[in-house]
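The values are calculated or read from the model by the stated rules, or taken from the named source; none is laboratory data. Quantities reported herein were computed from a predicted structural model and do not represent experimental measurements. Cβ: placed from backbone, ideal geometry, glycine included. Neighbour counts: every protein chain shown.
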Amino acid sequence: MKLLPSPKLPQKGEFPFDNWFIWLAIIGVIVNASGLLLPILEPDGALYATIAKNMAQSGDYVKLMMEGNDWLDKPHFPFWITAFSFKLFGINSFAYKLPGLLFWLAGMYYTYAFANKLYNKQTAQWAVLIYISIEHLILSNNDVRAEPFLTGLMIGAAYYYYLAYRNNKLTHYVAGSLLLAFAVMTKGIFIACMVMAGFVIEWIIKKDWKQFLNYRWWLSIILMLVFILPELIALYLQFDQHPEKLVFGQHHVSGIRFFFWDSQFGRFFNTGPIKGKGDKLFYVHTLLWAFLPWSVIFFMMVGDSIKNYKTRLAKTGNYICSGISLTGFLVFSLSRFQLPHYLNILYPFFAIILATWLLNLQHKGLLKAISYTQNTLYYLFFAACIGLLFIVGLPFQVLTVVILAFWGFVIMRLFPGNSLQPVLLRSFAVIMVVNLFLNTLFYPALFKYQSGNAAAATLNVVHQGPVYMFNGVSSEYAFQFYYKRPVHKIDTHQLDTIKNNIVVYTSQVKVDSLKRLGYQVQVMQQFPHFHISQLTGKFLYYKKRDQAIDHFVIATLSANVKRQTANITRDY
């Protein structure tokens, strides 16, 4: 089927889009990279960073270890890449976040390449601008987990498989299988199911039955399984070869079974060791904020596509991106274990679909609705920044208001009018301003409440030995990552066996309980404490913040001190 070219956006009295695309893309990359030097957020980002740090320091690239225990949850690939980055750049925030940003950049490249192959250059350009301005992708380049890796790998695998589908070249099958294997070694086997589902849907709709008999597709699956052998070997050596290990509270735990079943299908059916509570509409309302500034347009597109599905399908002539998107969205929505960032891997495909729809859109009512909603969002974004400025009590308030007003005026002058192109470009520009505000003012002000960073920085200067943390108290992975010397976990009942004074990093509540037990504890320094990746209204409002925060301390605990209350035996 011959694909219909996407029509040009109206440019009456406007600048040529090509003159601006490269500059807008560069600005988008800079904004996404603006969180590289910020500290790593608790809890997940700091946890993954600490596991990769342990791997780099020990030189053991087989075992995933945390706090001296075997860790079975995510596959190895992102930890291998991050540990290699630590070897190159040292153990720091930049080295942890850089690999994720590079894989996100690969996603940007493959989004352009895939859209260009499917449609044309202008569709590819708009798909890229949408991709690099999706709010949750920008946030994820600051709060790095597995998703930036997956985002680049999944769209890359789909791109090479599409080339293979069109030209049947073996090299493209191999490239697609390699990237897909990396994705599977990042998240699990469901990733392969989602990618292949898009092609199966394409073949079924087009009745291209010969693809099911093409041995190279079956060879691709075999190649993918061969390429994931490093993951399977590592899991076997760490877990299957040692049935005596206690994992998830039980022995005889198979890492390979967990990889193929429990971590994916077990979460989907809620039968695995890691369980959750599913909400069928969770990702519908997640999209409302995560896909900003394009979320309202996205729902307009979905509604229009459902209403006129035959016409829309005929115009695109392609079902791969839609098939991957629909399969992934349904899988995540039906799963009993749900987190907002799971959708990130679908956003490159959403971007291509949305760009295609916008460039073919001629319905005057929808065009008017897009203009109205995006203009409303434009002013709401600036209002939200100013609101946060005063609610949170951020510094430089007058100067920041002036800067925001200046950029609001400049953007309107650069992209005037209410036709589709300037409306979309204003949406792109305002989300850049919002995230520069977040990464240069908002998050830096909040990080003083992530106590692990400040405590580690203090001890790195004044203490040369190990530091102890108590089991049963929040692990505070940021402290374990940023502290340059050993960190040991300890139980309260073990304190009586310690022969020398020790330095502990723990909560003020724990210190108070130790004092009641009769231990001599001298607090060296106290730090305000809050998990800033899990913001609440009370914490954000500076006048009520003291009611929301806890305190962690660096303290010296004296050894061999007789308890004041001899009959106290309960472990606090």
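Couple of notes before you dig in:
- Segment 150-174, residues that are surrounded by fewer than 24 Cβ atoms within 10 Å (Cβ to Cβ) and touching a Lys or Arg at 6+ places or on another chain (Cβ under 6 Å): TYR173
- Taking the listed residues GLN494, GLN450, GLN464, the one that is buried (at least 22 other Cβ atoms within 10 Å of the Cβ) and either at pLDDT 90 or above or not assigned by TED's automatic domain parsing to the domain that holds PHE86 (or both) is GLN450, with no other qualifying.
- Answer residue from segment 200-215, given it is surrounded by 17 or more Cβ atoms within 10 Å (Cβ to Cβ) and either within 27 Å of TRP80 (Cα to Cα) or not aliphatic (A, V, I, L, M) (or both) and is farthest from the chain's Cα centre (by Cα) among those: TRP203
- Among (1) crowded, with 17+ Cβ neighbours inside 10 Å; (2) in contact (Cβ under 8 Å) with a residue 40 or more places away in the chain; (3) within 28 Å of MET55 (Cα to Cα) - the single one TYR483 does not satisfy: (2)
- Selected residue (only one of LYS510, LYS515 is farther than 30 Å from PHE94 by Cα, free of Cβ contacts under 8 Å to residues at least 40 places away in the same chain and of a type in the set (Lys, Arg)): LYS515
- Yes/no for SER475 being more than 22 Å from the chain's Cα centre (by Cα) and of a type in the set (Ser, Thr, Tyr): no
- Residue that is farthest from ASP240 (Cα to Cα), among those in segment 68-85 that are surrounded by fewer than 16 Cβ atoms within 10 Å (Cβ to Cβ) and touching a residue at least 24 places away in the same chain (Cβ under 8 Å): GLY68
- Scanning segment 389-417 for residues that are in contact with a Leu (Cβ under 7 Å, 6 or more places away or on another chain), in a helix (DSSP H, G or I) and buried (at least 16 other Cβ atoms within 10 Å of the Cβ) yields a single hit, THR400.
- Hits in segment 337-383 (condition: among the hydrophobic types (A, V, I, L, M, F, W, C), more than 18 Å from VAL284 (Cα to Cα) and in contact with a Phe, Trp or Tyr (Cβ under 8 Å, 6 or more places away or on another chain)): ILE352, ALA355, LEU358, LEU359
- Matching option when the condition is within 16 Å of TRP71 (Cα to Cα) and either crowded, with 16+ Cβ neighbours inside 10 Å or modelled with pLDDT under 90 (or both), among PHE260, PHE239: PHE239
- Meets criteria (closer than 20 Å to LEU137 by Cα, more than 20 Å from the chain's Cα centre (by Cα), assigned to a helix (DSSP H, G or I) and not assigned by TED's automatic domain parsing to the domain that holds HIS551) for VAL430: yes
- Residues located in segment 539-572, provided they are modelled with pLDDT of 90 or more, outside any strand (DSSP E or B) and surrounded by 14 or more Cβ atoms within 10 Å (Cβ to Cβ): PHE539, LEU540, TYR541, ARG545, ALA548, ILE549
- GLY417 vs. criteria small (Gly, Ala, Ser), without any contact (Cβ under 8 Å) to a residue 24 or more places away in the chain and over 29 Å from ALA49 (Cβ atoms): no
- Only a single item in (1) under 30 Å from ILE26 (Cα atoms); (2) out of contact with any Ser or Thr (no Cβ under 6 Å at 6 or more places or on another chain) is not met by GLN464, and it is number (1).
- Helices (runs of 4 or more DSSP H) (entirely within segment 159-226) containing at least 1 residues that are of a type in the set (Ser, Thr, Tyr) and modelled with pLDDT of 95 or more: 170-184
- Top-ranked residue of segment 227-236 - restricted to ones that are surrounded by fewer than 20 Cβ atoms within 10 Å (Cβ to Cβ) and touching a helix residue (DSSP H, G or I) at 6+ places or on another chain (Cβ under 8 Å), ranked as farthest from PHE190 (Cα to Cα): TYR236
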